[in-house]
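Just below is one structure, and these are the notes that go with it.
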Amino acid sequence: MSPKRIAAVAAGIAGAVVLATVAYAGAPVTLNMATGSADCTVSWTKDGVTFKPLTPGSSASAFLDKDATGTVTIDLTAVGNPVTLANSVYIRTAAKGGFSLTDASGHYVQATNLEGSLSGDSTFVVQTSSDPAGTRIPVYDIPTRPQITPDVQSLVPPRVDLALSDIRMIVLPEFATVMNQTFGDGTIQPGDQLGTCTAQTTS
């Protein structure tokens, strides 16, 4: 067999192995997150209440969720279809960082250490002037799917980078209750938009 023929056969075998591996993985594969962060801009404001990022983001009104860990699930069999590939992504994560809100009387709400996913509640440890030890509660929901751009670096082994934008943070009742108890009735309502985030992950 000629060298060219041997090379062609080897390439064919390698391609078949890649396709078989992806097919064997089934629709979704779940990867451990290697790095991840989210830059979140808080658009909600109230006169007399000051926002402070505990982990500064890209602007004075932004905080950073950093050092994220978790998992990314994605259907790599859809690698040739960007829309289907993006729609197959599911993320579950935990991250460090957060923000505080304080008024002139010293009342405060501080939210740190995100745990959440692309669907369902995002919880934080929330400390207040009346609960300085803090309690983990749901803070916001993501009601609409954000824009997701996957970049598949490798099929075997699977390596995927993600860029996410237009992540809307919609206030949940538990956080609204804490805010209204701390800063006065009518401070914020469930369903109000707290802000928006962008995020990046590697897996």
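Name every residue in segment 142-184 that is under 22 Å from Thr30 (Cα atoms) and open to solvent by 70 Å² or more (accessible area, probe 1.4 Å), in order of residue number.
Within segment 142-184, Arg145, Gln147, Thr149, Asp151, Gln153, Val156, Pro157, Arg159 meet the criteria.
Please specify each residue of segment 35-91 satisfying the condition of being in contact (Cβ under 8 Å) with a residue 12 or more places away in the chain, over 19 Å from Gln200 (Cβ atoms) and among the hydroxyl-bearing types (Ser, Thr, Tyr).
Hits for segment 35-91 are Ser43, Thr50, Ser61, Thr77.
Kindly provide the set of residues from segment 172-199 that are part of a loop (DSSP other than H, G, I, E, B) and either farther than 25 Å from Gly57 by Cβ or free of Cβ contacts under 8 Å to residues at least 60 places away in the same chain (or both), ordered by number.
Passing the criteria: Leu172, Gly184, Asp185, Gly186, Gln189, Pro190, Gly191.
Considering only residues of segment 82-122 that are among the hydroxyl-bearing types (Ser, Thr, Tyr) and under 12 Å from the mean Cα position of the chain (by Cα), which is nearest to Leu155 (Cα to Cα)?
Of everything passing the filter in segment 82-122, Tyr90 is nearest to Leu155 (Cα to Cα).
A quick yes/no check of all residues on (1) within 21 Å of Gly48 (Cβ to Cβ); (2) not aromatic (Phe, Trp, Tyr):
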| position | (1), (2) |
| --- | --- |
| Gln127 | yes, yes |
| Val160 | no, yes |
| Leu172 | no, yes |
| Ala176 | yes, yes |
| Phe183 | yes, no |
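Return a yes/no flag: does segment 30-37 have any residue that is closer than 28 Å to Gly186 by Cα and among the polar types (S, T, N, Q).
no
Confirm whether Val139 is buried (at least 19 other Cβ atoms within 10 Å of the Cβ), of a type outside the set (D, E, K, R) and without any contact (Cβ under 8 Å) to a residue 60 or more places away in the chain.
The answer is yes for Val139.
Looking at Gly134, Gly195, Gly120, Gly186, which one is at pLDDT below 95 and either on the phi > 0 side of the Ramachandran plot or in contact with a strand residue (DSSP E or B) (Cβ under 7 Å, 6 or more places away or on another chain) (or both)?
Only one candidate qualifies: Gly120.
The values are calculated or read from the model by the stated rules, or taken from the named source; none is laboratory data. Just so it is clear, the model here is predicted, and its values are computed rather than measured. Glycine gets a Cβ as well: all are built from the backbone with ideal geometry, and neighbour counts include every protein chain shown. Ligands, DNA and RNA are stripped out before the accessible areas are found, and what is left, the full protein with its side chains, is counted by its heavy atoms. Shrake-Rupley method; radii C 1.70, N 1.55, O 1.52, S 1.80 Å.
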